[in-house]
1. How fast does the protein assembly as shown diffuse by Stokes-Einstein, in µm²/s, taking the Kirkwood radius from C-alpha pairs at 4 °C and 1.567 mPa s?
2. Please say if chain B is rounded, prolate or oblate, where rounded means a/c under 1.5 for a ≥ b ≥ c the square roots of the C-alpha gyration tensor eigenvalues, and otherwise the choice is prolate for a/b larger than b/c and oblate otherwise?
3. Counting helices only, and only those DSSP H runs with n ≥ 4, report the 222 nm mean residue ellipticity of chain B as the sum of -39,500 (n - 2.57) divided by its residues, in deg cm²/dmol to the nearest 500.
4. What residues qualify as long-range amide H neighbours of B:Glu100, i.e. H under 5 Å apart, gap of 5 or more or another chain, H built at 1.01 Å from N?
5. In nm, give the distance between the simple-model label positions of B:Val134 and A:Asp67, each being 7 Å from the Cα along the Cα-to-Cβ direction.
6. Taking the Cβ of B:Asp119 as the centre, find all other residues whose Cβ is under 12 Å away and add up their charges (Lys, Arg: +1; Asp, Glu: -1).
7. Roughly how crowded by other chains is peptide B:29-42, in terms of the mean Cβ count from those chains within 10 Å of each of its Cβ atoms?
8. Just for the Cα atoms in chain A, what are the lengths along the principal axes, largest first, rounded to whole Å?
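Every read-out reported here was derived from the displayed coordinates using simple, explicitly stated rules and does not represent laboratory data. These numbers were taken from a predicted model, which means no experiment stands behind them. Counting neighbours? That spans all protein chains shown, and the Cβs are built from the backbone with ideal geometry, glycine included.
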Amino acid sequence: MAKVKKVMLTNVPTLKKEASILDAAKLLVKDGSGCIVILHNNRIPFGIVTELDIVRKVISEGKSLNDHVTDIMNYPVTHVTPNMDLDEALKIIDTKSFRRFPVVENDELVGLVTQKDVVTVISSNLKLHRTIQNAVLVLFILFELFVFIFYKYLGVRR
Amino acid sequence: MAEVRKIMTENVIVVSQSASIKNAAKLMKSKSVSSLVVAEKNQPIAVINEIDVIRGFVDKKKYVKDILNKEFIVISPSTKLHEVVKDLKEKKIKKFPVVENQKLVGLITETDVIEATRDFTRFQHIVQDVILIVFGLATAVTLFYLSPLGAAIFK
C-alpha cells in the first residue's frame, strides 16, 4: 500500500502567522495550489487559508486586506503523517469537511495532501486488484464451459 | 457512457459583466458555489471562479468585466462524458457551460466529472462482483458434483 509521502506536494506555500490577508491573497494568486499553510515559529502548522476563505470572509464582507491572516484561517488543523498508509489517511480525510491536509513529521511541516490526490491513487491501485479479479473470472468461465461441453455434447456419462 | 445532461449542475448562477467583484463574491458565498457564469443574452461569455475574484481584488479591479476568464468550452446536454474528460486532460479546460437551443441550461466543472466517474466505476465494480460470485458458486457446485463425495451423494 502506498504511503502519504508518495502523493504529497512538498513545495507547500506557507506564511508566518503575523502575515496580513493581502499577503495571503497575493501568494494564493502567485502559487495557484489553492491554499496556504500558516506556520507558528516558522515550522509548526497552525492554520490553513483557502481561496474560499478569502472570497467568503474577506471580499464579500468588505473586510480589510490589512487585517491579520489569523482572523480568517481555519484552525486547529488536522494533519496526517508521511508514513501513514493512504487508506488510513483517507479515513481521517473522510471524517473532516476539508479537502487539504498538512503532512507533519517531528512537529514540522513536510508536505500537503489533497483529498483528490489520495482518492486518485487509491483507485488506480484498485485497478491491479480488478485485473486479477477479471483473470479469475475468466478461469471460472472457461472451466464451466469445459465441463458443459465435456458432459453434454461429448456424451460422457459418469 | 453517460451524457452530460445527467451530471450537470442545472442551477447555474449567472452574473452580469457590470456587477462589482464584491457582489460576485457575495453571490459565491450566498449560493455556496465556486464558479459563476458571466452571460449576456443567455450566452456564456466567461466563467469565473474564486481565484479570478481574488486576483481581481488584489489588482484593485472593480467589476466582473475586468476579470473575465475565457478558458471554457461550450457543450450541449447530449455531449458524452468521455468527450469532456478528454478536453479536461488534453486541453486543461476545467469549465464547461452547457447550452441548448441558444439557452444556458447547465454547467459542468472538474469536480462534477470526477464524482461522476467515481460513481460509474463503483457501479461497474458491483456488477463485476456479482458476476464473479455467480460463477464462483457455479464452479464450486460443479467441482463438488464431480468429486467422489458428490458422486456418492448424487447417485
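1. On the way: Rh = 23.3 Å.
For these conditions, the coefficient is 56 µm²/s.
2. Working: a/c = 4.42, a/b = 3.49, b/c = 1.27.
Prolate shape, in that a/c is at least 1.5 and a/b is the bigger ratio.
3. Theoretical 222 nm ellipticity from helices: -16000 deg cm²/dmol.
4. For B:Glu100, whose amide H was placed from the backbone, the distant partners under 5 Å are B:Val105.
5. Calculated label separation equals 6.1 nm.
6. Values: positive: B:Lys6, B:Arg118, B:Arg122; negative: B:Asp112, B:Glu115.
Once all neighbours under 12 Å are counted, the net charge is +1.
7. Numbers: counts 7, 2, 0, 2, 0, 3, 0, 0, 0, 0, 0, 0, 0, 0.
Shielding by partners across B:29-42 averages 1.
8. Answer, in whole Å and largest first: 90, 36, 26 Å.
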